[in-house]
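The structure under discussion appears below in the form of C-alpha cells.
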Amino acid sequence: MKTNKKGNTKMSNTKKIERTGRTDAAVSPVIGFVLMIALSAIALTVLQLTAVPVWNEGVEFDHSRSVQDDMQNLRSESIQVSATGRASTANLGLGTAYPRRFLFLNPPSPSGTVSTGGETVFVVENAVATNNETADYWDGTAAEFPTRSVVYEPRYNVLSDDRRVVYEGTGSVVYVEQGDGQATVSDTVLVSGRRITLVSVDGSLLKSGSDTESLDFVPLSAPYTSVGVTGNDTENILVTVPTAVSEERWNELLAEQTVGNGGYVADISVDEDNDVLTVELVSERDGETIEYELRMAKVGVGSSLTEEDGYYLTAKDGTELTAPGGSPVSLVVQVRDR
C-alpha cells in the first residue's frame, strides 16, 4: 500500500465501503423478519375471512341436521303421549357452539327459537258412529277441533335464517322449509288402513337461546278413545287438517293408503290458499260398508293449556239397552269429551 496522500485517501474510502457493507448485513434480517410478520398477518386475515366461515358453516349444518332429528323425536313423544296418556319430555337443541380456534375469532354462538304456531282447526265430516248411542254425537255433521303446530327457527351466522323446522301435530308430519323450498323429514300416521289418527296440540310456547330445552308434553285428552265410524248414507268421510305441505308431497306420504294401492283413500287435495289438506275415505267396497277406527287425542305443551270437560254420554259396546217391563237393568255408560 502506498503511503502518500493519494494512498491514504484510498485507505479511507475502503474503510467506508466496509462499514456500509456491515450495516446492510445487519438490516437484512430485520427486513426479512418484518416481511414474515406481515405475510403471517395477511395469511391469518385471509383464513379469518374465508376459512373460518366455512368451518362455522359446517358446525351450523350439523346443528341443523340435529334439530331435524330432535323435531322428529318431539313428534314421536307427542304421539306416544296420545297413545298412553302418560306425560313425556322431548329435548330440543336451540343452538350450538363453535369450537375454540387458536388465533381466530368466532362470531356469537348460533341460537334459535321454538314456539307454537297460531291456532287453526281440523274437521271430521260425514262420520257416523256405529254405536247408536255414540251416534248421538258422531251423527255425520262436521265436527271442528282446535290445534297448533310447533315451529323451530334458527339464528345462524353463516347459513341462511329463512328456514324453519315445523311439526304439524294433527297431520303428524315434520317438514323443513327454506325460502321457496320444502322437504318432509317424517312419515305420517294420519291414515293407516282403516285407522284415522288425529292429535290436537294445545298450549302457548316461546323459548329462545343457545341451550338445549326440555319440552314437556302432557295429556289433556289421552289416551285415545277409539270410535267406530262409517260414512253417512250419501257421502264419504272427509278429514281436513291444516298443513303447509304440498299436495304433491301428501300424495307421496299417503300413496300406500290410496284405493289404487289397496287402501281406502279415495282422494287427496290441498287448498294452498287456505293451507288445508282434505282426505276423502271410501264408504263402501264390493258392496260392503267400510267401518273405520277413529282415534283422537289432545296433548299440551308449554303454558295456557285447556283441559277438556265431559261432553256426552255413551253406552259401552255390548250393553243391553232394553229392559222387560218392571225389571231393572244395569246400564254402564262412559263420559267422553269431544
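The values are calculated or read from the model by the stated rules, or taken from the named source; none is laboratory data. For clarity, every value in this text was computed on a predicted model and none was experimentally measured. All Cβ positions, glycine included, derive from the backbone under ideal geometry; neighbour counts span all protein chains shown. For accessibility, only protein heavy atoms count, side chains too; no ligands or nucleic acids. Shrake-Rupley method; radii C 1.70, N 1.55, O 1.52, S 1.80 Å.
Annotation: the antiparallel percentage among DSSP beta bridges lying fully within the chain is about 90. Of the solvent-accessible surface of segment 119-187, computed with a 1.4 Å probe and all protein chains present, 40% belongs to carbon and sulfur.
Given Cβ point charges of +1 (Lys, Arg) and -1 (Asp, Glu) and nothing else, what value in debye, to the nearest 20, does the dipole of the chain about its Cα centre take? Don't skip to the end; give the middle numbers.
On the way: 27 positive and 48 negative charges, 1044 e Å.
Roughly 5020 debye for the chain.
Averaged per residue, the chain has 55 square angstrom of accessible surface, using a 1.4 angstrom probe with ligands and nucleic acids left out.
When Rg and the Kirkwood radius Rh are both evaluated on Cα atoms of segment 164-213, their ratio Rg/Rh stands at 1.06.
With +1 on each Lys and Arg Cβ and -1 on each Asp and Glu Cβ, how big is the dipole of segment 53-100 about its Cα centre, in debye rounded to the nearest 20? All intermediate terms of the calculation are to be shown ahead of the outcome.
On the way: 4 positive and 6 negative charges, 37 e Å.
Magnitude of the dipole: close to 180 debye.
With both labels modelled 7 Å from their Cα along Cα-to-Cβ, the T225 to D161 distance reads 4.7 nm. Between the helical axis of 5-84 and the longest alpha-carbon principal axis of the chain there is an angle of about 0 degrees. Projecting label points 7 angstrom from Cα along Cα→Cβ for A87 and R100 puts them 3.9 nm apart. Karplus-derived 3J(HN,Hα) values for segment 255-267, using 6.51 cos²θ - 1.76 cosθ + 1.60 with θ = phi - 60°, are 4, 6, 9, 7, 4, x, 10, x, x, 10, 7, 8, 7 Hz; glycine and proline are entered as x. The slack between D187 and D211, meaning 0.36 nm per residue of separation minus the straight C-alpha distance, is 5.8 nm. Descending by average beta-carbon neighbour count within 10 Å, the peptides 285-291, 262-268 line up as 262-268, 285-291, the highest first. Using the Cα coordinates of the chain, the gyration tensor eigenvalues translate into equivalent-ellipsoid semi-axes of 76, 21, 13 Å, sorted from longest to shortest. Shape annotation for segment 58-117: C-alpha extents along the principal axes are 53, 19, 15 Å, from largest to smallest. Dividing the convex hull volume of the alpha-carbon atoms in segment 259-338 by its residue count gives 211 Å³ per residue. Between T322 and R195, the modelled label-to-label distance comes to 3.6 nm, taking each label 7 Å out from Cα in the direction of the beta carbon. Taking the protein heavy atoms of segment 234-296 in the context of the full set of protein chains, the accessible area attributed to carbon and sulfur is 36 percent at 1.4 Å.
Relative to the globular-protein estimate of 2.2 N^0.38 Å, the Cα radius of gyration of segment 103-224 stands at 1.41. With the largest listed first and rounded to whole Å, the semi-axes of the equivalent ellipsoid of segment 201-271 from the Cα gyration tensor are 33, 20, 12.
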